[in-house]
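What follows is a set of notes on a single structure, which appears directly below.
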Amino acid sequence: MIEFITLRFGAVEGDPPLSFAPGPMTIFVGPNNAGKSLALRETEDTIASGGDSARHIVASLEPLLPDPAQAEAMILERAVEGAAGVTADGWVRIPRIRS
């Protein structure tokens with residue numbers, strides 16, 4: 001999850017950079033080629049790389065990381081069930097931002 005994100009630009013030209021704390025669902029709205037998909041890819045890459053990702057849209061990102069017990073519970077919650085309700089070791093459903 002993301003605690004806080006700052007983009008490099010404002011909502012319109014001349015505005016200060018846009019900063020916000022995303023909720024459980026955040027919607028990016030804008031015209032074609034405005035950078036919505038790029039912002040999502042950069043967000044994913046920044047989290048996956050631990051912050052060492054090249055960024056053009058996202059200026060800074062503060063992830064809200066779960067403690068180890070919460071992380072384990074989240075993984076088990078997404079476990080893929082095999083035949084007769086048996087959990088398949090190593091298989092979890094992970095939502096992706098990009099396909």
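The values are calculated or read from the model by the stated rules, or taken from the named source; none is laboratory data. All values derive from a computational prediction rather than experimental measurement. Just the protein is used for accessible areas: all its heavy atoms, side chains included, with ligands, DNA and RNA removed. Shrake-Rupley method; radii C 1.70, N 1.55, O 1.52, S 1.80 Å.
Per-residue SASA remark: Asp45, around 50 Å² accessible (1.4 Å probe; ligands, DNA and RNA not included).
Heavy-atom accessible surface of region 1-58, averaged per residue, reaches 71 Å², computed with a 1.4 Å probe.
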